[in-house]
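Worksheet: one structure, shown below.
The values are calculated or read from the model by the stated rules, or taken from the named source; none is laboratory data. Since the structure is predicted, the reported quantities are computational estimates derived from the model, not experimental observations. Cβ: placed from backbone, ideal geometry, glycine included. Neighbour counts: every protein chain shown.
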Amino acid sequence: MTGPASEAQPVPQSAHPLGALTTYELNRYRRELERALKGLGVGVPARRLVQDKLVQVLAEQDSRARIRADRQPDL
């Protein structure tokens, strides 16, 4: 039987540094963090850790998107 969402839940961890993840792995890790965040109660201490990790993932995705945009030739 599962307990309430406010109980201790494992925080998703990346197997490698964010910069070393493939785009697919980074997207999957983002979804894991988003699901974990939805499952955590507001007062759970791990919530801040998950939020910080999600911010890092979003920053990495944004950085990659800017690099792709800079590489596109002007038409």
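Quick notes on this one:
- Applying the condition of being loosely packed, with under 11 Cβ neighbours inside 10 Å and modelled with pLDDT under 95 to the range 24-44 and asking which residue is farthest from Asp62 (Cα to Cα) yields Gly43.
- Complete set of residues in the range 26-49 that are over 10 Å from the mean Cα position of the chain (by Cα) and either closer than 17 Å to Ala65 by Cβ or not in a helix (DSSP H, G or I) (or both): Leu40, Gly41, Val42, Gly43, Val44, Pro45
- Selection from the range 45-63 of residues that are basic (Lys, Arg) and surrounded by 14 or more Cβ atoms within 10 Å (Cβ to Cβ): Arg47, Lys53
- Within the range 6-22, the presence of at least one residue that is surrounded by 10 or more Cβ atoms within 10 Å (Cβ to Cβ), in a loop (DSSP other than H, G, I, E, B), in contact with a Gly (Cβ under 7 Å, 6 or more places away or on another chain) and at pLDDT below 95 is confirmed.
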